[in-house]
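J.: Structure incoming, see below.
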Amino acid sequence: MVIQKGELLMHKYTYTQPLSLETTPITFVYNEEGIAVYKFQRHYSNGIKRFVDKAMDFRYFLRYDIYNLEDQPIFTCKKVSKKGRVYYEAFDYLQQEKYIVAYDKWKELVPDLMITNGNFQIDILKEIEDWSRFIYNDKEIARWKADVEGEFFIQLEIEEDSPIQDAGFFIGICQCVLFIGG
């Protein structure tokens with residue numbers, strides 16, 4: 001089932017996450033028909049990073065790897081802190097494309113973000129308790145929301161005319177930037 005919004009179709013994905021940031025299970029992402037289409041996991045390259053991250057409230061060494069169901073990596077997003085500046089680096093293995101996700105309007109209580117690869121820009125209008133929206137050329141192309149229902153129940157919707165249709169792109173960025181943030 002594809003959700004229709006206005007005249008355009010919208011692809012819908014869902015998954016659940018534990019309430020604790022300390023747990024790092026393999027998480028399956030399901031499409032509109034309830035079929036698993038992706039999986040992802042928070043990644044630590046070694047135990048020392050995991051230990052230090054625990055002391056830093058699980059927000060310092062932040063990396064999510066997204067895989068297809070054959071365990072092939074399709075997307076990675078990680079937090080980078082350099083010279084007091086925080087941003088995220090994302091890599092699309094399928095397109096061999098690198099993206100930078102950076103905060104915009106730092107002086108706001110909930111700052112917006114932007115995604116760029118140097119050729120185009122997508123803005124993320126971040127919301128705490130409502131849909132965070134991805135905007136490209138002044139049009140919403142995707143949205144993401146996390147509701148608490150015993151665990152976090154997470155919804156991702158991608159417009160049919162979005163220039164990026166790979167849900168792995170949005171999942172990786174949303175897990176780092178919107179789910180954990182910092």
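J.: Would you say E129 is more than 22 Å from S162 (Cβ to Cβ) and either at pLDDT 85 or above or open to solvent by 60 Å² or more (accessible area, probe 1.4 Å) (or both)?
T.: Values: more than 22 Å from S162 (Cβ to Cβ): yes; either at pLDDT 85 or above or open to solvent by 60 Å² or more (accessible area, probe 1.4 Å) (or both): yes.
In short, yes.
J.: Does K79 qualify as being touching a Phe, Trp or Tyr at 6+ places or on another chain (Cβ under 8 Å), closer than 23 Å to K126 by Cβ, open to solvent by 80 Å² or more (accessible area, probe 1.4 Å) and in contact (Cβ under 8 Å) with a residue 12 or more places away in the chain? First the steps, then the outcome.
T.: Values: touching a Phe, Trp or Tyr at 6+ places or on another chain (Cβ under 8 Å): yes; closer than 23 Å to K126 by Cβ: yes; open to solvent by 80 Å² or more (accessible area, probe 1.4 Å): no; in contact (Cβ under 8 Å) with a residue 12 or more places away in the chain: yes.
Against the criterion (touching a Phe, Trp or Tyr at 6+ places or on another chain (Cβ under 8 Å), closer than 23 Å to K126 by Cβ, open to solvent by 80 Å² or more (accessible area, probe 1.4 Å) and in contact (Cβ under 8 Å) with a residue 12 or more places away in the chain), K79 does not qualify.
J.: Pick out the one residue from F152, F134 that is within 17 Å of I26 (Cα to Cα), open to solvent by less than 60 Å² (accessible area, probe 1.4 Å) and not aliphatic (A, V, I, L, M).
T.: Selected residue: F152, the only one of F152, F134 that is within 17 Å of I26 (Cα to Cα), open to solvent by less than 60 Å² (accessible area, probe 1.4 Å) and not aliphatic (A, V, I, L, M).
J.: So, in segment 160-182, of the ones that are part of a loop (DSSP other than H, G, I, E, B) and under 12 Å from the mean Cα position of the chain (by Cα), which residue ends up modelled with the lowest pLDDT? Outline the logic, then answer.
T.: Just the residues of segment 160-182 that are part of a loop (DSSP other than H, G, I, E, B), to begin with: 160-166, 181-182.
With under 12 Å from the mean Cα position of the chain (by Cα) added as a condition, the list becomes 166, 181.
Numbers: D166: 93, G181: 74.
By that ranking, first place goes to G181.
J.: Also, quick follow-up: All but one of (1) part of a loop (DSSP other than H, G, I, E, B); (2) open to solvent by less than 70 Å² (accessible area, probe 1.4 Å); (3) hydroxyl-bearing (S, T, Y) hold for T16, so report the exception by its number.
T.: (1)
J.: Read through the list (1) closer than 23 Å to Y60 by Cβ; (2) of a type outside the set (K, R); (3) loosely packed, with under 14 Cβ neighbours inside 10 Å; (4) modelled with pLDDT of 90 or more, then give the number of the only condition that E70 fails.
T.: (1)
J.: Suppose we filter Y44, Y60, Y38 for residues that are in contact with a helix residue (DSSP H, G or I) (Cβ under 9 Å, 6 or more places away or on another chain), modelled with pLDDT of 95 or more, hydroxyl-bearing (S, T, Y) and open to solvent by 30 Å² or more (accessible area, probe 1.4 Å); which single one remains?
T.: None of the others qualify; the one that does is Y38.
J.: For the structure I just gave you, tell me whether G118 is within 17 Å of Y87 (Cβ to Cβ) and more than 16 Å from the chain's Cα centre (by Cα). Steps first, please.
T.: Numbers: within 17 Å of Y87 (Cβ to Cβ): yes; more than 16 Å from the chain's Cα centre (by Cα): yes.
Yes; evaluated as a whole, the condition is true for this residue.
J.: Next up: Return yes or no: is Y93 open to solvent by less than 70 Å² (accessible area, probe 1.4 Å) and either within 22 Å of T24 (Cβ to Cβ) or modelled with pLDDT of 95 or more (or both)? Before you say what the answer is, go through the steps one by one.
T.: Numbers: open to solvent by less than 70 Å² (accessible area, probe 1.4 Å): no; either within 22 Å of T24 (Cβ to Cβ) or modelled with pLDDT of 95 or more (or both): yes.
So Y93 fails the test.
J.: Read through the list (1) at pLDDT below 75; (2) surrounded by fewer than 15 Cβ atoms within 10 Å (Cβ to Cβ), then give the number of the only condition that D53 fails.
T.: (2)
The values are calculated or read from the model by the stated rules, or taken from the named source; none is laboratory data. Bear in mind the structure is a predicted one, so any value in this text is a computation, not a measurement. Glycine also receives a Cβ, built like all others from the backbone with ideal geometry; neighbour counts cover every protein chain displayed. These accessible areas exclude ligands, DNA and RNA; they are computed on the full protein's heavy atoms, side chains included. Shrake-Rupley method; radii C 1.70, N 1.55, O 1.52, S 1.80 Å.
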